[in-house]
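Novice: Below is a structure I'd like to ask you about.
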Amino acid sequence: VKDLKEQRTDSHAELMALLNSRKTKTADPNVCCKICLEGYDEITADDDASEKNPLVTPCACRGSAAHIHLSCLKDWHASAGYPTHLRCPTCKQHYFGFVAVELAKMNLEHIEAAIVCASSSSRADHQLRRATAMTRLAQVLCGQGQYEEALPLYRDSLASRISILGPARPEVAESLTNLGELYRLQGNYEDALRLQTRALALRETMLGDNHPDTATSYNNLGVVLQFKGRLKQANDHFDKAVRIYEKVFGVDHANVASLLNNIAGLMRSQGDLTKTLELYQRSLAIRKRVLGPHHPTVAESLNNLAIMYSEMGDGELAQEAATECVTIAAEFYQPDHPEFLNYKGNYGIVQKRIGQTEAAKRHIQEALRGLLEKSFPPAHMWVSKFEAQLQELRDAESCDCAAAAASAVPSAPEAVAVVC
């Protein structure tokens, strides 16, 4: 009997084969590293050795600048002085995926080594740099679904900043908003609300009402309020955030796209499907232009569109969007990543609505099991959503009722992006 890990791996491979989404790693002569100009490592019988220096696409760069060896990127990162912002100097966008984790770990190891040799007069400065490095590592770990690993890093960073700087500083507000977002991801909405409220109050006082960081706090608090069902307050916060972002960054910016995604989720909660669809489409278009067509946030937009199309009765467009979503997500996420599990379960919901009930049941069950194994609480929106979907499938099987299998998903917002 296979253990659960093997079952998940087999199921993931089955889904990817179904979608024809796994790209085979071959020595493509047209693909090379933008630093050393070499291509893929030669594939030998020792696959593990070849994977030690993969050719990766860690950012929004495209064309000949899209690929880089992991070792070349690490060497460049060290030569640049271990920058904490983890942005590509070419496309100016954040690195993502496991590459961002690797660079963030490099930064933390570097500063911790420096602390050992630091003089007493410079120790506080080094401790603040360590707090920043912990924050960046926690952020990218959250992006990989490693919430338990990120939690102590966020807590330690917050404690260090308060101890050294005092409680009323922008750095403390950043720690509060990041920790609050982690609590939201874990379904702990009360603590998320408390911390996001504190972060917004600090930023309004220190930075003013028109600062982009204040806009981020308006957005983050709006998301939590939406999850708490306080839709009018959420809408007010989103409106404030989008006005600031458009004024500071212009309308064609990744942060604006994330806010449009959030407002669309709010419109969906209120039953305005036409407006929801329009906003999701605008968010997707911006993300594709700014970040490229294979960025993880593009998968998020496609996931939302797939659910919307299925709710509006367009099964063909729904399946097309869901397939593209999972295809992109599979390139960046492990099979047990919470976002991937959510996309996989939603793919099953789309299948359910177009009559592919056996495949739908399997994918929704696997998504639910994966989330529970990641310690998601029963009250979490993804868990309750998939449990409700499975119950509808069981009811349909027991009473042979086709109408039950085609019923709608609860109208909770999907995959709300938070700008941190």
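Novice: In the set GLY208, GLY143, GLY187, which member is touching a Phe, Trp or Tyr at 6+ places or on another chain (Cβ under 7 Å) and either over 21 Å from LEU86 (Cβ atoms) or without any contact (Cβ under 8 Å) to a residue 12 or more places away in the chain (or both)? So that I can check it myself, show each step before the final result.
Specialist: Details: GLY208 fails: touching a Phe, Trp or Tyr at 6+ places or on another chain (Cβ under 7 Å); GLY143 fails: either over 21 Å from LEU86 (Cβ atoms) or without any contact (Cβ under 8 Å) to a residue 12 or more places away in the chain (or both).
Within the list GLY208, GLY143, GLY187, the selection yields GLY187.
Novice: Let me ask you something else. Of the residues SER163, SER119, only one is open to solvent by 50 Å² or more (accessible area, probe 1.4 Å), in a loop (DSSP other than H, G, I, E, B) and out of contact with any strand residue (DSSP E or B) (no Cβ under 9 Å at 6 or more places or on another chain); which?
Specialist: Answer to the check: SER119.
Novice: Could you please let me know if LEU202 is over 22 Å from the mean Cα position of the chain (by Cα), modelled with pLDDT of 95 or more, assigned to a helix (DSSP H, G or I) and not acidic (Asp, Glu)?
Specialist: For LEU202, the condition - over 22 Å from the mean Cα position of the chain (by Cα), modelled with pLDDT of 95 or more, assigned to a helix (DSSP H, G or I) and not acidic (Asp, Glu) - is met.
Novice: LEU341 fails exactly one of the following numbered conditions: (1) part of a helix (DSSP H, G or I); (2) more than 30 Å from CYS59 (Cα to Cα). What is the number of that condition?
Specialist: So LEU341 meets the others, but not (2).
Novice: Residue check: is GLY265 at pLDDT below 90, in a loop (DSSP other than H, G, I, E, B), within 27 Å of GLY348 (Cβ to Cβ) and not basic (Lys, Arg)?
Specialist: So GLY265 does not fit the description; no.
Novice: Could you pull out the residue among GLU42, GLU51, GLU102 that is out of contact with any Asp or Glu (no Cβ under 8 Å at 6 or more places or on another chain) and at pLDDT 85 or above?
Specialist: Residue meeting the stated conditions: GLU102.
Novice: If you don't mind, there's one more thing I want to ask. Test of understanding: among TYR309, TYR333, which residue is in contact with a helix residue (DSSP H, G or I) (Cβ under 7 Å, 6 or more places away or on another chain) and within 20 Å of GLN365 (Cβ to Cβ)? Walk me through how you get there before you give the answer.
Specialist: On the way: TYR309 fails: within 20 Å of GLN365 (Cβ to Cβ).
One residue alone meets the criteria, TYR333.
Novice: Find the residue count for segment 193-249, including only residues that are under 11 Å from THR177 (Cβ atoms) and charged (D, E, K, R).
Specialist: Final tally of qualifying residues: 3.
The values are calculated or read from the model by the stated rules, or taken from the named source; none is laboratory data. The shown structure was predicted, so the numbers you read here are calculated from the model rather than taken from an experiment. Neighbour counts run over all protein chains shown; Cβ positions are idealised from the backbone, glycine included. Side chains included, ligands, DNA and RNA excluded: accessible areas come from the protein's heavy atoms. Shrake-Rupley method; radii C 1.70, N 1.55, O 1.52, S 1.80 Å.
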